Amino acid sequence: MEGMLYRKQEMESHAKKAASRSWQNVYCVLRKGSLGFYKDQKSASSGIPYHGEVPISLGEAVCEVAHDYKKRKHVFKLRLGDGKEFLFQAKDETEMASWIHSIHSS
Ligand code: I3P
């Protein structure tokens with residue numbers, strides 16, 4: 001699965017808040033066990049990552065609706081084994097549910 005999502009990093013590790021905390025629009029590409037970030041679809045097909053970011057590994061990842069985040073709608077949370085935590089905003093409930101389902105089955 002792939003598509004544009006708004007992304008905000010909340011945690012850098014288990015005990016450390018992320019330093020860069022603004023929402024960014026990123027093109028997300030879900031592959032078996034990993035999630036890569038690109039500026040847009042064109043960059044994704046050329047394999048040019050967003051700010052040189054290495055795709056995140058989804059081993060031990062937990063993905064769920066971000067019920068505790070009230071400022072935006074259709075937001076889900078992704079927590080990685082190393083403590084990194086991201087929020088993602090989808091365009092509607094259906095898209096959010098698809099992402100959560102796909103991340104669970106990846
Ligand atoms: C952040 C930006 C985010 C905000 C975050 C700010 O500032 O305003 O939108 O998160 O708040 O730190 P900057 O753009 O200067 O990095 P919210 O939208 O969730 O409020 P936070 O530090 O309380 O997470």
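The values are calculated or read from the model by the stated rules, or taken from the named source; none is laboratory data. All values derive from a computational prediction rather than experimental measurement. Don't worry about glycine lacking a Cβ; one is built from the backbone with ideal geometry, like all the others, and counts go over all protein chains shown. Accessible surface areas use protein heavy atoms only, side chains included; no ligands, DNA or RNA. Shrake-Rupley method; radii C 1.70, N 1.55, O 1.52, S 1.80 Å.
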- Task: With all distinct Cα pairs included, what does the Kirkwood hydrodynamic radius of the chain come out to in Å, to one decimal, could you say?
- Result: 13.8
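When Rg is the radius of gyration of the Cα atoms in segment 62-106 and Rh is its Kirkwood radius, what does Rg/Rh come to?
Numbers: Rg = 10.1 Å, Rh = 10.6 Å.
For segment 62-106, the value is 0.95.
About the Cα centre of segment 42-91, what is the dipole size in debye to 20, counting +1 per Lys and Arg Cβ and -1 per Asp and Glu Cβ, all else neutral?
The calculated dipole for segment 42-91 is roughly 420 debye.
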- Query: GLU53: accessible area at probe 1.4 Å, nearest 10 Å²?
  - Reply: 50
- May I ask which of LYS8/LYS32; LYS16/LYS84; LYS17/LYS39; LYS16/LYS77; LYS17/LYS84 have a Cα-Cα span longer than 20 Å here? LYS8/LYS32; LYS17/LYS39
- Straight-line reach from LYS73: which aspartates and glutamates have a Cα under 13 Å away, not including same-chain ones fewer than 8 places off? ASP92, GLU93, GLU95
- Query: Based on Cβ point charges of +1 for Lys and Arg and -1 for Asp and Glu, what charge dipole magnitude is obtained for the chain about its Cα centre, in debye rounded to the nearest 20?
  - Reply: 300
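Can you show me the helix-derived [θ] at 222 nm for the chain, built from DSSP H runs with n ≥ 4 at -39,500 (n - 2.57) apiece and divided by the number of residues, rounded to the nearest 500. If you can, show how the numbers build up before the last one.
On the way: 2 runs with 19 residues, N = 106.
Mean residue ellipticity at 222 nm (helix-derived): -5000 deg cm²/dmol.
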- Task: Keeping the other protein chains in place, figure out the carbon and sulfur percent of the accessible area of the chain, with a 1.4 Å probe.
- Result: 52
- Query: Sorted by accessible area with a 1.4 angstrom probe, largest first, how do VAL26, VAL65 fall?
  - Reply: VAL65, VAL26
- Note on the structure: In the chain, taking the dipole from +1 charges on Lys and Arg beta carbons and -1 charges on Asp and Glu beta carbons about the Cα centre, the listed residue (VAL26, PRO55, GLY3) farthest towards the positive end is VAL26
- Each label sits 7 Å from Cα toward the beta-carbon; between ASP40 and SER57 the label points are separated, in nm, by 3.3
- Item | Label zone at ASP92 (point 7 Å along Cα-to-Cβ), backbone N below 20 Å, segment 29-66 | 65-66
